[in-house]
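K.L.:
First, the structure itself, so that you have it in front of you.
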Amino acid sequence: MQQQMNARPSVAFVGASWGAMLIGMLAYLVGLWNAQMQLNEKGYYLTLLLYGCFAAVSLQKTVRDRAEGLPVTGMYVGLCWMSLAAAVLLLTVGLWNASLLLSEKGFYAMSFVLVLFAIVAVQKNVRDLAAAGNGLREAPEAS
C-alpha cells in the first residue's frame with residue numbers, strides 16, 4: 001500500500017530545523033576552534049561531524065525513498081546504518097579517551113546529536129517542500 005506524503009511542513013518547523021542545525025554546527029565548530037587540543041584531534045572531530053552529517057542525510061533519504069516506493073538495495077540501507085553507527089561510535093570512543101573535562105565531552109556529544117537530528121529534519125523538509133511543489137526545483141531545460 002502506497003501512502004502519499006505531500007504534507008507541506010510549516011514555516012515554523014522549517015525555520016526551527018534550520019536554526020537547530022546551524023546552532024548545533026556553530027556550537028560544535030566554535031568549541032573545536034577554542035579547544036586546547038592538537039590540530040590532528042580537531043581534524044578528527046571535524047571529520048566525524050561531516051561524516052555523521054553525510055551518514056544521517058543518506059539514511060534519511062534511503063528511508064524516505066523506500067517509503068515512497070523507490071527501489072533501494074538492502075546493501076545500501078545497511079551501509080547507511082553502519083556509517084551512522086560508525087560515526088556515533090567513533091565520536092563516543094574519541095570522547096571517552098580524550099583528556100577533556102566531562103562538561104566538554106558532554107558539550108561535544110550533545111551538539112553532535114543536535115546536528116544529526118536537525119540535519120535529518122532539514123532533509124525531510126527539503127523533500128517535503130519539493131514534493132509539495134514549493135521547494136527546490138530543477139532548472140528548466142533550454143529549448
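The values are calculated or read from the model by the stated rules, or taken from the named source; none is laboratory data. Worth saying up front: this structure is predicted, and the values here are computed from it rather than measured. Note that each Cβ is placed from the backbone with ideal geometry, even for glycine, and that neighbours are counted across all protein chains shown.
K.L.:
Say whether the condition of being in a loop (DSSP other than H, G, I, E, B) and loosely packed, with under 11 Cβ neighbours inside 10 Å is met by at least one residue in the stretch 12-24.
P.N.:
Checked the stretch 12-24: no residue is in a loop (DSSP other than H, G, I, E, B) and loosely packed, with under 11 Cβ neighbours inside 10 Å.
K.L.:
Something else about it: Among (1) at pLDDT 90 or above; (2) farther than 27 Å from Q36 by Cα; (3) over 12 Å from the mean Cα position of the chain (by Cα); (4) among the small types (G, A, S), where does G94 come up short?
P.N.:
(2)
K.L.:
Please go through (1) within 30 Å of A7 (Cβ to Cβ); (2) surrounded by 14 or more Cβ atoms within 10 Å (Cβ to Cβ) for A67 and return the number of the only condition it doesn't satisfy.
P.N.:
Here A67 clears every test but (2).
K.L.:
Also, I was wondering about something else. Mind listing whichever residues of the stretch 38-62 are β-branched (V, I, T) and either more than 24 Å from A130 (Cβ to Cβ) or surrounded by fewer than 16 Cβ atoms within 10 Å (Cβ to Cβ) (or both)?
P.N.:
Across the stretch 38-62, the qualifying residue is only T47.
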